1. Whole percent per 10 Å bin, from 0 to the bin with the longest distance: what is P(r) over all C-alpha pairs of the stretch 29-87?
2. By per-residue mean of other Cβ atoms within 10 Å, what is the highest-first order of 29-38, 8-17?
3. What dipole magnitude, in Debye to the nearest 20, does the chain give about its Cα centre under +1 on Lys/Arg Cβ and -1 on Asp/Glu Cβ?
4. Hey, if you put +1 on the Cβ of every Lys and Arg and -1 on every Asp and Glu Cβ in the chain, which of GLY38, ILE23, ILE73 ends up farthest toward the positive end of that dipole?
5. What full-extension length gain, to one decimal in nm, is calculated for ARG56 and ASP18 as 0.36 nm per residue of separation minus the Cα-Cα distance?
Amino acid sequence: QSDKLFTDDMSDLFCKEDGGFLILSDESALVTECSFDGEVQSYLELETGVNGLESRIPQAEGLCLDDKGNLYIVSEPNILYIYSSEK
């Protein structure tokens with residue numbers, strides 16, 4: 001159901017323990033959270049001036065989520081972005 005994702009590419013995919021998955025798109029500057037049946041649950045924009053970013057993530061290549069809900073995004077050249085859970 002890629003027409004629902006609003007992404008141009010897929011840089012990484014992360015399967016969540018509680019069900020669903022995260023899709024990282026470098027070209028779209030977006031993390032999309034989806035259920036296993038393909039329904040979009042949320043988005044995280046990775047553009048300049050949005051979600052605490054002073055500049056666009058240059059080349060997002062990987063992501064993971066820890067057991068505390070913190071999101072880690074790795075970008076070229078050797079940059080780590082951490083989004084902390086507000087729980």
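1. With a bin width of 10 Å, the distribution comes to 21, 53, 24, 2.
2. Details: 29-38: 16.2, 8-17: 13.2.
Highest mean packing first, the order is 29-38, 8-17.
3. That gives a dipole near 220 debye.
4. Of the options given, the answer is ILE73.
5. Here the answer is 10.7 nm.
Since every read-out is calculated from the coordinates, none of them should be taken as a lab result. These numbers were taken from a predicted model, which means no experiment stands behind them. Virtual Cβ from ideal backbone geometry, glycine too; neighbours counted across all protein chains shown.
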